[in-house]
Structure formats: structure tokens, C-alpha cells
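The structure appears right after this line, and notes come after that.
The values are calculated or read from the model by the stated rules, or taken from the named source; none is laboratory data. Everything quoted here is computed from the prediction, not taken from an experiment. Cβ: placed from backbone, ideal geometry, glycine included. Neighbour counts: every protein chain shown. Protein only, heavy atoms only, side chains kept; ligands, DNA and RNA dropped before computing areas. Shrake-Rupley method; radii C 1.70, N 1.55, O 1.52, S 1.80 Å.
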Amino acid sequence: MKQEYDSRKTDICQVSGVFKSNGYPFPTGCTILDYGGGKCDKNINYMAQKGCQVIVYDPFNRSQEYNERTFDIFNNSDVQFITCNNVLNVIKEEEIIIDIIKTISELAQMKNATAIFTFHYGNRTGIGTPTERGWQRNNKISWYYDLISSLNCFAVVKKTKNMIICLPPTALSGKRTNRPKKNTLFNLNVRNMF
């Protein structure tokens, strides 16, 4: 399924709130996969100053070659966190949102990584509308929390004021799933979604 409104224009080239001082307390030296991280390198550069490596996967704003390099780094690094910042709220189709959540869950299980979702809430009416940049769902965080919780693909789902933090089932056992095979990012329904 393809998105009716693609996400090419939704990157506003600023550091995502999750990385700022009032966001998540990422430890120095960690590696973060920024899923849907946009075209700009502001998150990469900002977190590098804090001693963290951010790798970006974005099927709309990065080339396939770039995304494959991201996968190689993902495959060969100890990724501790996966962020999905202001991505789900610009997608009209709930089926695609569900696919992305499930994909992030699978990636988190491969690395025993914490997944963090953040959102722009728009006008909070729950009524989606087209925008000059694409689409805005206008959902409150509780809508996303209920959806993620209902999918049962994370062992722990915690909602804060401005983010949803999820732990994969592997976090409870401390074990990781098998090492991902080549091009797993593309095989987990991602390539077919866009």
C-alpha cells in the first residue's frame, strides 16, 4: 500500500525534541536508529556533539543506497535505541502506521533496543487534514498509545507527556533475536509500503 500523501516535504530540518535537553536521556556513546529521520542531518550532528551516533533510515528523503548503508551500520553496530519522531502523525493510512510500528518492533527485538515514538499533535481534533507539506492526523498521544498497546508487539509501553517509550519482548529476557539478514530493513514490509 502506498501513502496518499508522501512524507517528502514533512521534514522541517530541526533537531527533534526527543534529542533535546527535555527529551529522552540518551547515554553518551549510544547508537540510535532514527526511523523516518528526514533529509537533514541536524539530529546526526546534534547528537554527535553529545557523543552519540545517529543513523537515519528514511525511504522518502534518503536514497536507497543511503538507506542500505544505514542498514549495514545497523547490522554491525550495537544499536540501543530506535526513534520514530513525528512520522506516524503525517501518514493518513492506519494500515501503514501499523506496518511501521510492527517493523520498528522487529528491529528493536533484533537489537534488544528501546523504541521511542514522538508526535506532532496538530490541532488535536483527531480529524486528519491535508497540509501544504502533506498530511496531519491531528491525533492526541493517547490515540497512538492505544494503537501501539493494542498491537501487542512490545512487552512494555509507557506514555509520557510527549513520547511513547517501548521495550521489545527481548528486553525482559535480556536476549536478542538472531542477527538480521542482509537488507532486513527492506524486507520488513518497508519497501512495499512506499
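Every residue, every condition in (1) modelled with pLDDT of 95 or more; (2) open to solvent by 20 Å² or more (accessible area, probe 1.4 Å); (3) assigned to a helix (DSSP H, G or I); (4) not hydrophobic (A, V, I, L, M, F, W, C), yes or no:
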site	(1), (2), (3), (4)
GLN80	yes, yes, no, yes
CYS84	yes, no, no, no
ILE101	yes, no, yes, no
SER105	yes, no, yes, yes
ALA108	yes, no, yes, no
TYR121	no, yes, no, yes
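Within segment 38-45, does at least one residue satisfy the condition of being under 21 Å from PHE119 (Cα atoms), part of a helix (DSSP H, G or I), free of Cβ contacts under 8 Å to residues at least 60 places away in the same chain and in contact with a Ser or Thr (Cβ under 7 Å, 6 or more places away or on another chain)? Yes - at least one qualifying residue is present in segment 38-45. Considering segment 125-156 alone, what residues qualify as being among the charged types (D, E, K, R) and modelled with pLDDT of 90 or more? Result: ARG137, LYS140, ASP146. For the subset of segment 157-174 comprising residues that are on the phi < 0 side of the Ramachandran plot and modelled with pLDDT under 90, which member is surrounded by the fewest Cβ atoms within 10 Å (Cβ to Cβ)? Residue satisfying both the conditions and the ranking: LYS161.
Conditions tested, residue by residue: (1) open to solvent by 10 Å² or more (accessible area, probe 1.4 Å); (2) under 14 Å from the mean Cα position of the chain (by Cα); (3) free of Cβ contacts under 8 Å to residues at least 40 places away in the same chain.
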residue: VAL18; (1), (2), (3): no, yes, no
residue: PRO59; (1), (2), (3): yes, yes, no
residue: GLU65; (1), (2), (3): yes, no, yes
residue: ASN76; (1), (2), (3): yes, no, yes
